[in-house]
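Asks: I'd like to ask you about the structure that follows.
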Amino acid sequence: MAKRQDTKKFFENLSGAGKSIGVLTSGGDAQGMNAAVRAVVRMGIYVGAKVYFVHEGYQGMVDGGDNIEEASWESVSSMLQVGGTVIGSARCKEFRSHEGRLKAAHHLVQRDITNLCVIGGDGSLTGANLFREEWSGLLEELVQQGLIDEEAAQNNSELHIVGMVGSIDNDFCGTDMTIGTDSALHRIIEVVDAIMTTAQSHQRTFVLEVMGRHCGYLALVSALACGADWVLIPEMPPEDGWEEQMCQKLSESRSRGSRLNIIIVAEGAIDRQGKAITVNNVKDLVVSCLGFDTRVTILGHVQRGGTPSAFDRILASRMGVEAVLALLEASASTPACVVSLCGNQAVRLPLMECVQMTQDVQKAMDEKNFEEAVRLRGRSFENNLNTYKLLSYRKADSELPNSSFNVAVLNVGAPAAGMNAAVRSAVRVGITEGHKMFAVNDGFEGFYKGQIKEIKWGDVGGWTGQGGSILGTKRTLPAKHLDKIAEQIRIHNINALLVIGGFEAFLGVMELSAAREKYNEFCVPMVMVPATVSNNIPGSDLSIGADTALNAITDTCDRIKQSASGTKRRVFIIETMGGYCGYLASVGGLAAGADAVYIYEEPFDIRDLQSNVEHLTEKMKTGIQRGLVLRNENSNENFTTDFIYQLYSEEGKGVFDCRKNVLGHMQQGGAPSPFDRNFGTKIAAKAIQWISRKLKDSYKEGRVFANTEDTACLLGMRRRAMVFQPVVQLKDQTDFIHRIPKEQWWLKLRPLMKILAKYKTSYDVSDSGQLEHVTRVRPKKVD
């Protein structure tokens, strides 16, 4: 990779003029592939390159003819919300033969295509790499056979390849999430939520089979997200004698009052001897051992279907743009790479290093070296497994450490989907660490009124899938009630606080830590976990609840756009929540394919509005039927949603008509998305482990005393890592008047949205992925 001299480098100097890019989807389909194709096509055309669809994967490349067709801007319109792959995918035997690859090379050279963007699994990407290695040899053969001339061979001498991983299994090493995984989890969780209600009615046990022949990611994460009683995955087969353990656990949960059990089995699940464990084995076991009424459900291809989730659309759109940049920067000496996400950061990784590592996992499993297999899967998989182990199995009281500490949990601010998953996780991890856990109802208001009671393991059963806040939450701040809160802390002998909530939670923890000088009671470890749909908390890239809200916005925008199909041209003006924070509007706009998004952070005037209307009018005169404009509720006090609606209606007369929608509180409601359940579960577990460490450190002379900055923290996700940051230090990073962080990472995604909506804009690529090596991305030691 070229060293970057300046800190900011804009891609105006990366031109695609004279280049041709072929884009294909190969192997099993995955939701979000279309979003990736759309991004590659539009970004390619934007930089001046020609872009070609290769229909039906490698089969289309081998067959040539109409299978390779030039793409236009309009040809990818309205495909963002469609599942599967519009350009088709096929498993191709012929491409595995030398003759097949020779034909494919001939068809590419005929159109001067020397840049390939391959969206598929590890098999498809390995094939692409082999194709690249053989390229010069294939061209020589074509010249010898007189199929192409020397000049064509010269002009097409180098083949560049960039891969994006589209696979619902998330079985590719080096990437945190592959395109399609999140959507598959949505399908699984929808089914599990539905099954839970019927299981509850009849006191049944359900055994579910989910996809994943060689990878247990879907099974593991869906088990985490729905609080399943038992999960079976290929990477970590259960210990010998697991049958008795499992049955004992199921009967214990029933005796604690649960009316149902859920067991999740990956289709590739095996025991320690490598023998397959099927759903029917598990069912027979439960019936013979416990006599429970048990049913089997095999999810099958439902998991591949349906519309892509907001996360997959954004992931695929970011990766598609990144892939084009990687192709423009590729040279003969750069290895074929995959673009992917690590945490929240775009990265490029050498394709064959990832493939090698993916194959190493299989090898480790074949050699029964299961710990190694889990480690090679990467830190996200490992974290999921460790968290699942922590939460799923309640040790007997005699086995628990006795810490004699009391830890209180409360929700503060507006409700956010995923709060309950976080509370459940905190309570169970706290009990496992030996603490007594206390639940505070109604935030700081309930705290000073004394609405505090001990909460036990069984009390939080079934909480992960519930929306809103079961504990109750209020926006009240503690500053006016410090005396009473201090008194309650004394009465209940509270030694640590976990506050889960939005901006008020952040302010509340700041107020409590500031009051430590006056009140010894507040000299206890306290940590805040961000949970708000607005995603406006300093110190964290993401907050619990934002993903669910994004999905609500995206689903609604899809429906609204659909409502106009078949009518004349129409533009929708949609208002989103978020206070002064434009996250929901901007990222929702990227996921829904918006034409313009108005937010507070990027000031706009009447001239901008005018040029947006003209831009949309021009677009509507081509084949585009529908326009989508999003406006954050507080983006501008004078340019209201009504004003923008009236302006567009007036200026669009004769070309399009307008409708407006205010999405309102539906963005706060609903069952939490898999991402929010999982994020809430993992982040709360980490917060409690931090509390345990701080309690140990600050316990002196028979009491807890913690008054240093680093004992009042916010736990946030920053780029690639979860970080504990003293709230005092976040003061300077906060705009308190507008309740937003001064710097927000997602503003970098705005040019992306504009490019995909056909605006000329400046796109800063200094933040685009650098080529890294897989080993560096995956440290062996996990904190």
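Asks: Can you tell me which residue among R739, R720, R659, R703 is on the phi > 0 side of the Ramachandran plot and open to solvent by 50 Å² or more (accessible area, probe 1.4 Å)?
Replies: R739
Asks: Moving on to the next point. Do we have any residue at all in region 470-489 that's touching a Ser or Thr at 6+ places or on another chain (Cβ under 8 Å) and either outside the structural domain of A594 (by the TED database) or β-branched (V, I, T) (or both)?
Replies: The answer is no, given that none of the residues of region 470-489 is touching a Ser or Thr at 6+ places or on another chain (Cβ under 8 Å) and either outside the structural domain of A594 (by the TED database) or β-branched (V, I, T) (or both).
Asks: Sticking with this one: Which residue pairs have Cβ atoms under 7 Å apart, sit 6 or more places apart or on different chains, and have a first residue in region 371-383 that is in contact (Cβ under 8 Å) with a residue 24 or more places away in the chain and farther than 21 Å from Q689 by Cα and a second that is basic (K, R) and buried (at least 20 other Cβ atoms within 10 Å of the Cβ)?
Replies: Pairs found: none.
Asks: Residue check: is A223 touching a residue at least 12 places away in the same chain (Cβ under 8 Å), assigned to a loop (DSSP other than H, G, I, E, B) and of a type in the set (A, V, I, L, M)?
Replies: no
Asks: With the condition being over 26 Å from the mean Cα position of the chain (by Cα) and under 30 Å from A685 (Cβ atoms), I'd like the helices (runs of 4 or more DSSP H) fully within region 275-392 carrying at least 2 qualifying residues.
Replies: Where helices (runs of 4 or more DSSP H) fall fully within region 275-392 and carry at least 2 residues being over 26 Å from the mean Cα position of the chain (by Cα) and under 30 Å from A685 (Cβ atoms), they are 279-290, 351-366.
Asks: When R424 is evaluated against the numbered criteria (1) in contact (Cβ under 8 Å) with a residue 24 or more places away in the chain; (2) surrounded by fewer than 21 Cβ atoms within 10 Å (Cβ to Cβ); (3) not small (G, A, S), which criterion, by number, is the only one it fails?
Replies: Result: R424 fails condition (2) only.
Asks: Ok, one more. Being at negative phi, part of a loop (DSSP other than H, G, I, E, B) and not assigned by the TED database to the domain that holds V533, is that true of even one residue in region 610-620?
Replies: No - not one qualifying residue is present in region 610-620.
Asks: All but one of (1) surrounded by fewer than 24 Cβ atoms within 10 Å (Cβ to Cβ); (2) touching a residue at least 12 places away in the same chain (Cβ under 8 Å); (3) not aliphatic (A, V, I, L, M) hold for G508; state the number of the condition that does not hold.
Replies: For G508, the failing item is (1).
Asks: Being over 27 Å from L349 (Cα atoms), open to solvent by 40 Å² or more (accessible area, probe 1.4 Å) and either in contact (Cβ under 8 Å) with a residue 40 or more places away in the chain or of a type in the set (A, V, I, L, M) (or both): is that true of Q144 here?
Replies: No; evaluated as a whole, the condition is false for this residue.
Asks: Considering only residues that are outside the structural domain of G579 (by the TED database) and basic (K, R), look in region 514-561 and name the one that is farthest from S309 (Cα to Cα).
Replies: By that ranking, first place goes to K518.
Asks: May I pose another question? Quick check on this structure: which one of L756, L749, L771 is modelled with pLDDT under 95, more than 30 Å from N402 (Cα to Cα), touching a Cys at 6+ places or on another chain (Cβ under 9 Å) and not assigned by the TED database to the domain that holds N493?
Replies: Going through L756, L749, L771 in turn, just one is modelled with pLDDT under 95, more than 30 Å from N402 (Cα to Cα), touching a Cys at 6+ places or on another chain (Cβ under 9 Å) and not assigned by the TED database to the domain that holds N493: L771.
Asks: For the condition more than 19 Å from the chain's Cα centre (by Cα), open to solvent by less than 10 Å² (accessible area, probe 1.4 Å), among the β-branched types (V, I, T) and modelled with pLDDT of 95 or more, what is the one hit in I161, I189?
Replies: One residue alone meets the criteria, I161.
Asks: Now for a different question. Among the residues of region 636-644, is any open to solvent by 50 Å² or more (accessible area, probe 1.4 Å), hydrophobic (A, V, I, L, M, F, W, C) and free of Cβ contacts under 8 Å to residues at least 24 places away in the same chain?
Replies: Checked against the condition, which is being open to solvent by 50 Å² or more (accessible area, probe 1.4 Å), hydrophobic (A, V, I, L, M, F, W, C) and free of Cβ contacts under 8 Å to residues at least 24 places away in the same chain, region 636-644 yields at least one hit.
Asks: Further question: Can you pull out the residues in region 59-78 that are of a type in the set (D, E, K, R), in a helix (DSSP H, G or I) and touching a His at 6+ places or on another chain (Cβ under 9 Å)?
Replies: Those that are of a type in the set (D, E, K, R), in a helix (DSSP H, G or I) and touching a His at 6+ places or on another chain (Cβ under 9 Å): D63, D66.
Asks: Still on this structure: Looking at region 432-457, I want the residues that are acidic (D, E) and have a partner that is buried (at least 20 other Cβ atoms within 10 Å of the Cβ) and in a strand (DSSP E or B) with Cβ atoms under 6 Å, at least 6 apart or on another chain. Which pairs are those?
Replies: D442/K474; E445/K474; E454/F438
Rundown of residues vs (1) closer than 17 Å to G461 by Cβ; (2) open to solvent by 10 Å² or more (accessible area, probe 1.4 Å), yes/no style:
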{"site": "R213", "(1), (2)": "no, yes"}
{"site": "Y217", "(1), (2)": "no, yes"}
{"site": "A223", "(1), (2)": "yes, no"}
{"site": "W230", "(1), (2)": "yes, yes"}
{"site": "I233", "(1), (2)": "no, no"}
{"site": "M236", "(1), (2)": "no, yes"}
{"site": "K249", "(1), (2)": "yes, yes"}
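Asks: Of a type in the set (A, V, I, L, M), surrounded by fewer than 24 Cβ atoms within 10 Å (Cβ to Cβ), over 23 Å from G180 (Cα atoms) and modelled with pLDDT under 95, is that true of V47?
Replies: Yes, satisfied.
The values are calculated or read from the model by the stated rules, or taken from the named source; none is laboratory data. Keep in mind that this is a model prediction, so the values were computed, not measured. Because the Cβ atoms are built from the backbone with ideal geometry, glycine has one as well, and the counts that use them run over all protein chains shown. Ligands, DNA and RNA are stripped out before the accessible areas are found, and what is left, the full protein with its side chains, is counted by its heavy atoms. Shrake-Rupley method; radii C 1.70, N 1.55, O 1.52, S 1.80 Å.
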